[in-house]
Amino acid sequence: MIENVKELLRAHEGLECDVYLDGENSSRVPDEVVKAMIPYFNQSGYGNPTLTHKPGWEAYETIMESAQKIASFSGCKTLEEINFTPGETEANNLAILGTAASTREKGKKIVISEIEPINVLNVAEMLQKTGFTLTKIPVDEEGFLNLERLKEAVDRETVLVSLSAVNHEIGTVQPIKEAAKIVKEKNATTVFHTDASDAYGKIPFNLQDLGADLATLSSYKISGPRGIGALYVKERVNIEKILEGQIGTQRLWPGVENTPLIVGFTKASELAFENFEQGTDRMRQLRDKLTEGIFSRVSDVLLNGPRGEKRAPDNANISFLRCEGEALTIELSLSGIYVSSGSACSRRLLQPSHVLVAIGRKFDQAHGSILMKVTRFHTEEDINCALNIIPQAVERIRGITGSTGAE
Amino acid sequence: MSRAPLPYNPKILELFQHPKNLGKMEDATVVSVAGNPMCGDMITFYLKINDQDVIERASFESYGCAANIATSSIVTEMIKGMKLEDAWKVSYKNVTDAVGGLPSVKFHCGILAVGALKRAIRKYFENKQSPSWMQPEPSFEEKQALEEEELARMLSKRMKAAEGK
């Protein structure tokens, strides 16, 4: 297996382009973020922040200052509302399982949408197996929540509603404040969680104003390091921790705090928020150049998700008809463009993304979907590279498809 | 749903980048199809068969992943110049070996390619006397191809039903 991978990597030698557009699945961390992290491995703050010595106190100071910055960027009331976790998956698990555990007497109903990420969807379905009633709110063809159905779904026994602020695959910016209001009006005790991973640093929002009880923030989705994220827990909202161990500065997540990663997350947040409008304008401009460039150069393409202001500025999700997604990702990689496909191969059938199915895409439309996310660190040149390579890659794969599958 | 890493071997990469016998054959004696676009996996085979029942030429088109493309391509290479009787004996195991092994989630690609081949041979004998070496009941690969297509149809129906609700 490893030999095969070495060969695959050798096939990439000497590439002119090297453009990472797979921000959905990991991050390419900019140098200034890496540089900010390095001292915390061995020069300062490498101690355990709960211990009574200099490296420990340095760590404590660094973590608290980091939490303060992220709290202010996201509009928290206090820094205690920021709880660092090892990432978005863990924060979403904590939000859902931690709420379910703390509200046992109040009811057993959970509401999510049809297009939540699998670290919400699978967790909710796991609870369903243990006796919770799960309702999935449908979305329209652009991925917008059906708020009428949300209103109907929430009742006295609903303990948790979890809805993403921005969809991770198709970039739909949800009316999340309105959704929170609807939920609270139906049941003021229902805990409202939003996975804001694709909103933080990308669209303007303020957690206090949003009306959410819990919100997930992610580091790698803003080009910070992987392995770190945070769950916002509003003052006086109680959820239980889901892992046991030594509790330090983070009351909901045991284990030794990862100070370098927290510093990286904070540095990436600073870069995202220092010139917020400039950065998001830049993302939108590069994303539009990418999308429009593809639409003008390639025939038979579909945009998945909404256009304009109701779409996150970084997200491009395009279906290339008669072009199988996995084959296209490999072809693009061999030319130095790194993207992901909306379908994942199971044993027998290619499983289309549940998000694309929920917005009404047919299987064969979903199979050729490619998800790309631009960052504020991409350049015009990166997008030009992608636009030079994508049309010829699609053409080659379509050449293999030929007349196969034509009606 | 797991996203298994797919460490394709050099042979598959080579066939993906430079597939042999690619493209529609205008003067094909027989054309067969296996899979459908909903599976994310579909192959068309074109065979030129002479009157001695020898495959003179074979070509393919594929809507599918790298493994699908590579296995289809290798099948057309393997059967070129073969008598139909010998081509019928090609199994998905031979194909998997010929491409130097497949990741387990991609076994079905080799099966589908052989399913398409066997359908083509069966189709060739449709209005002729069936040879003794070709069993009347579907081979393993033909059965698997049918199952995959049926599964996709079922899922599609379920989706249509869900849309209507």
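Below is a table of values for the structure above.
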read-out: Unique residue being more than 30 Å from residue A:391 (Cα to Cα), assigned to a loop (DSSP other than H, G, I, E, B) and at pLDDT 95 or above when the list is A:262, A:239; value: A:239
read-out: Matching entry among A:368, A:360 (being small (Gly, Ala, Ser) and crowded, with 24+ Cβ neighbours inside 10 Å); value: A:368
read-out: Hey, residue A:328 within 14 Å of chain B (Cβ to nearest Cβ), part of a helix (DSSP H, G or I) and surrounded by 22 or more Cβ atoms within 10 Å (Cβ to Cβ) or not; value: yes
read-out: Condition met for residue B:163 (modelled with pLDDT under 95, more than 19 Å from residue B:41 (Cα to Cα) and surrounded by fewer than 18 Cβ atoms within 10 Å (Cβ to Cβ)); value: yes
read-out: Failed condition for residue A:125, given (1) free of Cβ contacts under 8 Å to residues at least 60 places away in the same chain; (2) more than 14 Å from chain B (Cβ to nearest Cβ); value: (2)
read-out: Region A:150-162 residues that are among the polar types (S, T, N, Q), paired with ones that are part of a helix (DSSP H, G or I) (beta carbon under 8 Å, 6 or more apart); value: A:158/A:183; A:158/A:186; A:162/A:92; A:162/A:95; A:162/A:96; A:162/A:120; A:162/A:124
read-out: Helices (runs of 4 or more DSSP H) fully within region A:15-123 counting 1 or more residues that are touching a Phe, Trp or Tyr at 6+ places or on another chain (Cβ under 8 Å), closer than 19 Å to residue A:234 by Cα and among the hydroxyl-bearing types (Ser, Thr, Tyr); value: A:54-74
read-out: Filter result for the condition that a residue is closer than 30 Å to residue B:14 by Cβ and either under 20 Å from the mean Cα position of the chain (by Cα) or free of Cβ contacts under 8 Å to residues at least 60 places away in the same chain (or both), over A:18, A:22; value: A:22
read-out: Search result, residues across region B:19-49 that are more than 11 Å from chain A (Cβ to nearest Cβ) and surrounded by fewer than 18 Cβ atoms within 10 Å (Cβ to Cβ); value: B:20, B:26, B:27, B:29, B:48
read-out: Answer residue from region A:139-168, given it is more than 20 Å from the chain's Cα centre (by Cα) and in a loop (DSSP other than H, G, I, E, B) and is farthest from residue A:111 (Cα to Cα) among those; value: A:141
read-out: Which numbered condition residue A:134 misses (of (1) assigned to a strand (DSSP E or B); (2) closer than 18 Å to residue A:176 by Cα); value: (2)
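The values are calculated or read from the model by the stated rules, or taken from the named source; none is laboratory data. Nothing here was measured: the structure is a model prediction, and the numbers come from that model. Neighbour counts are summed over all protein chains in view; Cβ atoms, including those assigned to glycine, are modelled from backbone coordinates with ideal geometry.
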